[in-house]
1. Using a 1.4 angstrom probe, figure out how much accessible area the chain has per residue, in square angstrom, rounded to the nearest whole.
2. Mean separation of Cα pairs under 8 Å and 6+ residues apart, divided by the residue count of the chain: what relative contact order is that in percent?
3. Based on the Cβ-Cβ distance of Ala40 and Gln3, what FRET efficiency does E = 1/(1 + (r/R0)^6) give at R0 = 25 Å, to the nearest 0.05?
4. Under a Cβ-Cβ cut-off of 15 Å, what is the net charge of the residues other than Pro87 that fall near it, where Lys and Arg count +1 and Asp and Glu count -1?
5. Using 0.36 nm times the number of residues separating Arg29 and Ala74, minus their current alpha carbon distance, what extension gain do you get?
6. Across region 26-121, how large is the tail of the calculated P(r) beyond 15 Å, expressed as a percent of all Cα pairs?
7. Could you give the length gained on full extension between Thr57 and Lys86, defined as 0.36 nm per residue of separation minus the Cα-Cα distance, in nm?
8. Which percent of the accessible area of the chain is formed by carbon and sulfur heavy atoms (probe 1.4 angstrom)?
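The values are calculated or read from the model by the stated rules, or taken from the named source; none is laboratory data. Everything quoted here is computed from the prediction, not taken from an experiment. So basically every Cβ, Gly included, is an ideal-geometry build from the backbone, and we count neighbours across all protein chains shown. We work out accessible area using only protein heavy atoms, side chains counted, and drop any ligands, DNA or RNA first. Shrake-Rupley method; radii C 1.70, N 1.55, O 1.52, S 1.80 Å.
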Amino acid sequence: QVQLVESGGGLVQAGGSLRLSCAASGTIRSIGVMGWYRQAPGKQRELVATISSGGSTNYADSVKGRFTISRDNAKNTVYVQMNSLKPEDTAVYYCNAYLRAGWGTPLREYWGQGTPVTVSS
């Protein structure tokens, strides 16, 4: 059974930094794109950043220059370093991954349970 487990969320003052981690565990054959999404209260879930297995990255305009996504393929882990945080970054952050869980299985999308980030002004 595949699980994505996030960690690193919390409360931080505006201008501060946080680093989120997400580790995929279970029977995993291969992992494709991994990413982070967020959902603020009363809003739809939105893309934060994605990273391919080869390291190509994509960012939402609202976080470009402040957030950096990375991954450790040997550890099946994706990170996002969040700097210069703003109150509008407050949300629950979700890890996302497309992966194959075993031989002959199709590529499937998986989500973590979410980790809250609160940025105080």
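1. 53
2. On the way: 305 pairs, mean separation 43.8, N = 121.
Value for the chain: 36 percent.
3. Calculated transfer efficiency: 0.50.
4. Net local charge, Pro87 excluded: +2.
5. Values: separation 45, 0.36 × 45 = 16.20 nm, distance 1.20 nm.
Result for the pair: 15.0 nm of gain on full extension.
6. Summing the P(r) tail past 15 Å for region 26-121 gives 61 percent.
7. This chain segment gains 8.3 nm when fully extended.
8. That fraction is 47 percent.
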